[in-house]
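The values are calculated or read from the model by the stated rules, or taken from the named source; none is laboratory data. In this text, all values refer to a predicted model and were calculated from it rather than measured experimentally. Note: ideal-geometry Cβ built from the backbone for every residue, glycine included; neighbour counts use all protein chains shown.
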Amino acid sequence: MRDMETEGPAMSDAPATRSPPQAGKPAILTRADASTIAYRKFDGISPGVVFLGGFMSDMTGTKAAALDAHCRRTGRAFLRFDYQGHGASSGRFEDGTIGQWADDAIAALDELTEGPQVLVGSSMGGWIMLLAALARPDRVAALVGIAAAPDFTEVLMWQHFTPEVRAILQHDGVHYEPSAYSDEPYPVTMKLIEDGRRRLVLERPLAVHCPVRLIHGMADAAVPWEHALRLSEMLLSSHVTVTLVKDGDHRLSRDEDLARMCRVVAALCEEVGQIIPRPPAPPATPPGSPDGRV
């Protein structure tokens, strides 16, 4: 997978601290438990955009970089970050779970952004964005899923594993799965599988009511395009559009794919921006003195 109501991830109420970026390095959000989340962000027009990466991906990926460049050009606020065990953040990948990574995303949303946000989730990030939307419906204005893979640990891993692989997981706690994107296999832990079962979102109607856009390649060998249709059916939002790319693969990182993603995000931000309440304009200053006194 590399790149309804559910029980939410456990979250701490203790404050986090932010360290500014050093030359060429990301900024660091240090959480109450001393774990760290590496991030890059800039301020701009609301709603902001937050990119959520995939399984074993990080914030230096092609889609994250393309959205960064797009938001800089258009002056829109943007955030990208690494989950724990990914990229420049703390922790080991093998210790990670869907709940922990969703908690990282919610912490980033809470601590590093202001106002309404459009979440863009790639592959596993499409599951994370749904959990964040359920946890923070007042902050999440819209969602864009790129080859979104909610529930993948169960329906795309466990249900497809052979009895031999399941036995290894249950006995050893970890299985090393060959990867189509790397020479090295990636670890799948029983902890990941079991935690994923507590976060499943496609088993019942999903209480997400904001606009949602799903883009999925029909040549995706990792996450079948029918998965996008299943997600669209379960969302309670009536503002859901699915775009199928006939020759698109799982990565959707060709120039035309990146341009499509940026167009969809831009149009959705404009749509959401028209319905975001604006603060009332200050009262007009009557003629006389600069402070309004006559």
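In the stretch 217-229, the residues that are surrounded by 14 or more Cβ atoms within 10 Å (Cβ to Cβ) reach residues that are of a type in the set (Asp, Glu) with C-beta atoms within less than 7 angstrom, at least six apart or across chains, in these pairs: 217/249; 220/249. Taking the conditions exactly as written (among the aliphatic types (A, V, I, L, M), surrounded by fewer than 13 Cβ atoms within 10 Å (Cβ to Cβ), over 27 Å from residue 80 (Cα atoms) and out of contact with any Pro (no Cβ under 6 Å at 6 or more places or on another chain)), does residue 180 satisfy them or not? No: the conditions fail for residue 180.
Based on what the data block shows, is residue 105 crowded, with 24+ Cβ neighbours inside 10 Å, assigned to a helix (DSSP H, G or I) and in contact with a helix residue (DSSP H, G or I) (Cβ under 7 Å, 6 or more places away or on another chain)? The answer is yes for residue 105.
Given the options 153, 162, name the one that is among the β-branched types (Val, Ile, Thr) and closer than 17 Å to residue 100 by Cβ. Of 153, 162, the one residue that is among the β-branched types (Val, Ile, Thr) and closer than 17 Å to residue 100 by Cβ is 153. So, residue 208, is that one under 22 Å from residue 234 (Cα atoms), surrounded by 13 or more Cβ atoms within 10 Å (Cβ to Cβ) and β-branched (Val, Ile, Thr) or not? Considered against the rule, which asks whether it is under 22 Å from residue 234 (Cα atoms), surrounded by 13 or more Cβ atoms within 10 Å (Cβ to Cβ) and β-branched (Val, Ile, Thr), residue 208 comes out as yes. Being of a type in the set (Val, Ile, Thr), within 24 Å of the chain's Cα centre (by Cα) and under 20 Å from residue 124 (Cβ atoms), is that true of even one residue in the stretch 167-186? Within the stretch 167-186, none of the residues are of a type in the set (Val, Ile, Thr), within 24 Å of the chain's Cα centre (by Cα) and under 20 Å from residue 124 (Cβ atoms). Hey, does the stretch 94-102 have a residue that's among the β-branched types (Val, Ile, Thr) and more than 18 Å from residue 197 (Cα to Cα)? Looking through the stretch 94-102, none of the residues is among the β-branched types (Val, Ile, Thr) and more than 18 Å from residue 197 (Cα to Cα). With a requirement of 2 or more residues that are at pLDDT 95 or above and over 30 Å from residue 182 (Cβ atoms), the strands (runs of 3 or more DSSP E) lying completely within the stretch 1-62 that satisfy it span 45-52. One residue alone among 68, 104, 95 is modelled with pLDDT of 95 or more, within 14 Å of the chain's Cα centre (by Cα) and not small (Gly, Ala, Ser), and that residue is 104. Given the criteria closer than 30 Å to residue 45 by Cβ and at pLDDT 95 or above, does residue 257 qualify? Answer is yes for this residue. Which residue, of 155, 144, is closer than 16 Å to residue 269 by Cβ and not in a loop (DSSP other than H, G, I, E, B)? Answer to the selection: 144.
Restricting attention to the stretch 117-141, the residues being within 20 Å of residue 76 (Cα to Cα), in contact with a helix residue (DSSP H, G or I) (Cβ under 7 Å, 6 or more places away or on another chain) and assigned to a loop (DSSP other than H, G, I, E, B) number 1.
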